[in-house]
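Student: Dumping the structure here so I can ask a few things about it.
Derivation of every value follows stated rules applied to the coordinates shown; laboratory data play no part. Bear in mind the structure is a predicted one, so any value in this text is a computation, not a measurement. Ideal geometry is used to build each Cβ from the backbone, glycine not excepted, and the neighbour counts take in all protein chains shown.
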């Protein structure tokens, strides 16, 4: 059944395991509602055209560009943003360990792609699969080698467990010995 | 032993960035803010007959509509030539000509569509050569700009915005007599910065008259300066805050959106206004990377020793100058490359066209200049029958040489090119640049390029640092340096921790500079932050140490001179078992009997660059930057000779970084620069139609590299310490890009046996060059 929305309507969004009611116009994109109404600003606007992937969130387990999804389309789906990972996901630890970002603006989007990848493939997939998934996003700072390395490191870690913050490393962490950890 | 440098310490803000807690400008709450949107020109060059805003103003929800008539001032850091909103004329497609402030973005966009603009099209100038023709229309008529700084040389009655000359030796007569002469012409298109964070700024004017700007900028102090001067506001009444910046690459050093945001807020009685450019405007409206045309002549003897060079550069600065005259100056300053050329003549012109105006871009015109020079050197090597690496080695700058501006060489000041050439060979598996057939129609070839770069700050550029202590003995570091991904906050943390002999996690760098709180730092540009802010940090650390010694002396009952500081403690040298932790003396000392001794410790350090000079207008002699950095780069390609396609296999850089104070961070930033260089060289350009309208100002058709297209990046360091900089480290963060386009051009020109003298190097261009004998 198609639902018809007119003007500002209250819709229910399930984000990071919590239910929220927000007032959205039918034309409002999920990204703007997440950022402006729920204060979840990890997903970033980069092009609002589906080209850069900085706004990627996970919807029902799949990476979705939240600039290409209307907020009303997200009703009834399970939305996960970077904030929902706390600090416990293997992808987050791997990104820090592999020095996978510089300015950090695209990081949220790449992290969500990697996190979803790990949920779909329990073992490290082949390189072309990794490329296929990560090609949805753009990074202007790194050489991409660091992101490949992060995916490998992500699979070398034990699955997430425990409370969101207890697995953070100490504040000063040094990269593995040697000049080039790649 | 070091406590914090020579270690691959992770980025200080790493966990903020992987949890989404890192805040960029537009992540700050926007509730209650009005939204601003820009109407931009659809013509590259036209007279504005009228801009009718009545219908837009009448739209419910619209608070104000501004046009060029509302702001008579002209802007620009070097030449004031740019209106905030176009008046009378538009000079590039994408130029802002009206601004709407409304309750929300959809209303503002709706209002834009109600504005009627009547244009009278004028013929556009789309190339420097065209703009330099006799009789070409003048984009800025007589007296329509004002010089801000003394070393800008516009030529009235022409489209030349500035002109820099280098004259050293006698290039003309020596060049004629050379055994081998190579003359080449080059044409490189403009392109975009494409930081992932789109440009954004917010403004508010309080009832007290305080102007509050929050912006995604590399130069908050320039924002303050330009607003103060243009609108006659006392500088102290302007406060500029810069949260984390999502990539800058030079593109956020220009003051542009902040002016518009200020005007927007002023137009609505000072209410809070947020202005964010959509990506399409970020590409066509905000300033971009320069284009360049060049004529290069180089002469050498039979042995390939360069005798003379004549170099003419025409920088396409677009419709307005912004910082482009200094990019022309930068080309002149480093025009010889890292080589000894005794007889040298260079003319670098900054030329107005009807393109989007240019601003600083990673490398500050060096990637473009290096492409022209290093392509010519490769042709020289071919003519002389030399290995391209050997040709560069025998011409490398060294003791006894001077730079084009007649600064004497020393390894400490400039770096060691022969060592970089030594290291690049094993790193890239250098094979002399020969063509290796690996399949019937497939070859593998390597191309080489060297680079060097000094900076061009104002001769009186300043920086500063203030350090305060927390009750646990840890330190807060407050500087005006903006963190945009280059890792400067991590380096400053390391420098301070090292000097105070602390662990890096006992140093807290204030993440978001605020011009009212942090001491002024010129700009976070030119890869100079570690050098300039780093020196201020060292001075602040030394200041704090001397205060700590006084407090410790009082606490331990011994003279200050006997106190040694290490590991967060102050020791008595004579009785090392007697010590006192920082936390007990950083806020002064209270004796067990309750007596107060000493004073709370606040370290201050500041820096004004010294020893720099303006260039002599005729010979170009003088010194513009505190140091040079140089290196050698190789790109290896696998080319299909039938389809004119290629794959980049590897890219290598051996660079003299002075001292690798954080090897992994530095490797990654250099590799990132190389990635940007490969992308730039292989696919990026702003394409315009014959009317000067940009054809693809979006990320769908302007393709950046994606994962899977990247080569294997290899980085190695040479470490010749620079005497004046903190721990000897040189500027390094932008340099990875510089030689990449040239190295790729050299590899592909060898692979396809043709002359590739333009960018980007796509198959069509290679096919044309290979089949028509020209690019």
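Student: Springs between alpha-carbon pairs under 10 angstrom, Gaussian network model over chain A: which of A:140, A:25, A:88 fluctuates most?
Tutor: A:140
Student: State the Cα centre-to-centre distance between the stretch B:426-467 and the stretch B:41-92 in whole Å.
Tutor: Cα centroid of the stretch B:426-467 versus Cα centroid of the stretch B:41-92: 42 Å apart.
Student: Output the relative contact order of the stretch A:85-156, whole-number percent, from Cα pairs under 8 angstrom with separation of 6+ residues.
Tutor: Relative contact order, the stretch A:85-156: 52 percent.
Student: A further question on this structure: Take every DSSP beta bridge with both residues inside chain B and express the antiparallel ones as a percent of the total, to the nearest 5.
Tutor: So the antiparallel bridges in chain B amount to around 80 percent.
Student: Right, another one. At 7 Å along the Cα-to-beta-carbon direction for both residue A:156 and residue B:6, put a label point, then send me their distance in nm to one decimal.
Tutor: In this crude label model, residue A:156 to residue B:6 measures out at 2.6 nm.
Student: Which order results if B:460, B:712 are arranged by neighbouring Cβ count within 10 Å, fewest first?
Tutor: Listing B:460, B:712 from fewest to most nearby Cβ atoms yields B:460, B:712.
Student: Order of B:200, A:9 from fewest to most other C-beta atoms within 10 Å?
Tutor: So the residues, fewest neighbours to most, are A:9, B:200.
Student: Any idea what Rg and Dmax come out to for chain B if you just take the C-alpha atoms, in Å?
Tutor: Over chain B's Cα set, Rg and Dmax evaluate to 27.2, 92 Å.
Student: Relative to a virtual label point 7 Å from the Cα of residue B:229 in the Cα→beta-carbon direction, which members of the stretch B:252-283 show backbone nitrogen distances below 13 Å?
Tutor: B:255
Student: Oh, and also: If you wrap the protein assembly as shown's Cα atoms in a convex hull and average its projection over all directions, what's the area in nm²?
Tutor: Averaging across all directions leaves 41.9 nm² for the Cα convex hull.
Student: Rounded to the nearest 0.05, what FRET efficiency do residue B:158 and residue B:181 give with R0 = 35 Å and r taken as the Cβ-Cβ distance? Could you check?
Tutor: Taking R0 as 35 Å, the efficiency between residue B:158 and residue B:181 is 0.70.
Student: Which FRET efficiency value, to the nearest 0.05, is calculated for residue A:127 and residue A:73 with the Förster distance at 45 angstrom and r the Cβ-Cβ distance?
Tutor: 0.85
Student: Over chain A, with a Gaussian network built from C-alpha contacts below 10 Å, which listed residue (A:28, A:60, A:19) shows the highest mean-square fluctuation?
Tutor: Judging by the Gaussian network model, the answer is A:19.
Student: Same structure again: With a cut-off of 8 Å between alpha carbons and a minimum separation of six or more residues, what is the relative contact order of the stretch A:10-81 in percent?
Tutor: Dividing the mean separation by the residue count of the stretch A:10-81 yields 40 percent.
Student: I need the Debye-formula profile for the stretch B:5-147: one equal scatterer per C-alpha, no solvent, reported as log10 I(q)/I(0) at q = 0.09, 0.16, 0.18 1/Å, two decimals.
Tutor: For the stretch B:5-147 at q = 0.09, 0.16, 0.18 Å⁻¹, log10 I(q)/I(0) is -0.45, -0.92, -1.04.
Student: Sticking with this structure for a sec: If you average 1/r over all unlike Cα pairs in the stretch A:85-156 and invert the result, what Kirkwood radius do you get in angstrom?
Tutor: 11.9 Å
Student: Let's test the formula: R0 of 30 Å, r as the Cβ-Cβ distance of residue B:610 and residue B:476. What FRET efficiency results, to the nearest 0.05?
Tutor: For R0 = 30 Å, the calculated efficiency reads 0.60.
Student: Assuming 0.36 nm per residue, please report the length gained on full extension of the stretch residue B:130 to residue B:104 beyond their Cα-Cα distance.
Tutor: Going from the current span to full extension adds 5.0 nm.
Student: List residues of the stretch B:102-143, by number, whose backbone nitrogen lies under 15 Å from a label position 7 Å along Cα→C-beta of residue B:312.
Tutor: B:128-134
Student: Place a label point 7 angstrom from the Cα of residue B:207 along the Cα-to-Cβ direction, then list the residues of the stretch B:268-297 whose backbone nitrogen is under 15 Å away.
Tutor: So the set is B:269-272.
Student: Could you give the length gained on full extension between residue B:687 and residue B:567, defined as 0.36 nm per residue of separation minus the Cα-Cα distance, in nm?
Tutor: Length gained, residue B:687 through residue B:567: 37.5 nm.
Student: So, in Å, what gap is there between the alpha-carbon centers of the stretch A:33-47 and the stretch B:482-540?
Tutor: With the stretch A:33-47 and the stretch B:482-540 each reduced to a Cα centre, they are spaced 30 Å.
Student: Compute from the Cα atoms of the stretch B:363-451 the Rg and the Dmax, the latter being the longest Cα-Cα distance, and quote both in angstrom.
Tutor: Every Cα atom of the stretch B:363-451 included, Rg and Dmax give 15.1, 51 Å.
Student: Sticking with the crude label model, points 7 Å out along Cα→Cβ, report the distance from residue A:27 to residue B:762 in nm, one decimal please.
Tutor: According to this spin-label approximation, the distance is 3.3 nm.
Student: Something else now. Of the residues A:80, A:134, A:68, which exhibits the maximal mean-square fluctuation in a Gaussian network model of chain A defined by a 10 Å Cα contact cut-off?
Tutor: A:68
Student: Cα centroid distance between the stretch B:250-281 and the stretch B:700-759, in Å?
Tutor: 34 Å
Student: While we're looking at this one, here's another question. Quick check: pseudo-label points 7 Å beyond the Cα along Cα→Cβ at residue B:643 and residue B:142, how many nm apart are they?
Tutor: Computed distance between label sites residue B:643 and residue B:142 equals 6.0 nm.
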